[in-house]
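The values are calculated or read from the model by the stated rules, or taken from the named source; none is laboratory data. Keep in mind the model is a prediction, meaning the values are calculated, not measured. Please note: Cβ atoms are built from the backbone with ideal geometry, for glycine as well, and neighbour counts cover all protein chains shown.
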Amino acid sequence: MASGVSAEELKLQLVSEERYLEDRVNHVERHVAALALDLGALVRKMARLRDKGDKIVSSVRDFASAEAGTMRKSLEGLGECLSAVENSQQLQIDRMEAKVVKPLLEYEGVCKKAKEEIRVAHGVWEKEVNKQRNMDRVRFRDPANRKRISQVCSLCHKNKRNPGAVLFPGPHHTFTSPKFRLQSFRPFLS
């Protein structure tokens, strides 16, 4: 952060950012879970409808076996058509489970990973606030000791250049990037 920012201002800024990220993760997690449950219920209803169609096909075939001649051939043709419809419904159910419901259920892992990233970032943020407090304390106690102030400032700035210490997730972050959200939901829409 800039050298003019106090430790308390930095802490407020970081807490605000952390709260925003947690809210985004919780929002996505809650709504994706609800969407997965609703789509799962839809798939189950489609499967029940397919099962009822299978019973109709069975009834038509039983009826066809009791008939003779033209009626039998017509009923067998009807049974084959209904069976083809049921097969296409089964393919639709399988595709919906594989391409929509299963990936949505796997989004739980994405949410857990994002929460873990926030926890790691929180630790980094706390260290940053503590360094800023230390720098403020040194400036307050002995404002004339330029050497000590520059040492603390250089230590603070050196640690900021550490690539592992990310204060704020960049624009690539899972739940803040509209591009990521669009790319992650595109397979469900096709």
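State yes or no: is residue 175 in contact with a helix residue (DSSP H, G or I) (Cβ under 7 Å, 6 or more places away or on another chain), under 30 Å from residue 35 (Cα atoms), of a type in the set (Phe, Trp, Tyr) and at pLDDT below 75? Here the answer is yes, as residue 175 does meet what is asked. Figure legend. Inter-residue proximity from region 54-76: first residues under 24 Å from residue 88 (Cα atoms), second residues outside any helix (DSSP H, G or I) and modelled with pLDDT of 95 or more, beta-carbon distance below 6 Å, spacing 6+ or different chains. No pairs are indicated.
Against the test of being under 26 Å from residue 126 (Cα atoms) and in contact with a Cys (Cβ under 8 Å, 6 or more places away or on another chain), the options 32, 25 yield a single qualifying residue, 25. Taking the criterion of being among the β-branched types (Val, Ile, Thr) and surrounded by fewer than 17 Cβ atoms within 10 Å (Cβ to Cβ), the only residue of region 9-42 that qualifies is 15.
Cβ-Cβ contacts under 6 Å between residues 6 or more apart (or on different chains), taken from a first residue in region 117-137 that is surrounded by 13 or more Cβ atoms within 10 Å (Cβ to Cβ) and at pLDDT 85 or above to a second residue that is among the hydrophobic types (A, V, I, L, M, F, W, C) and part of a helix (DSSP H, G or I), are listed as 118/21.
The residues on offer are 83, 65, and the sole one that is over 39 Å from the mean Cα position of the chain (by Cα) and not in a loop (DSSP other than H, G, I, E, B) is 65. Taking region 72-110 as the range and being within 15 Å of residue 54 (Cα to Cα) and among the hydroxyl-bearing types (Ser, Thr, Tyr) as the test, the residues that pass are 83, 88.
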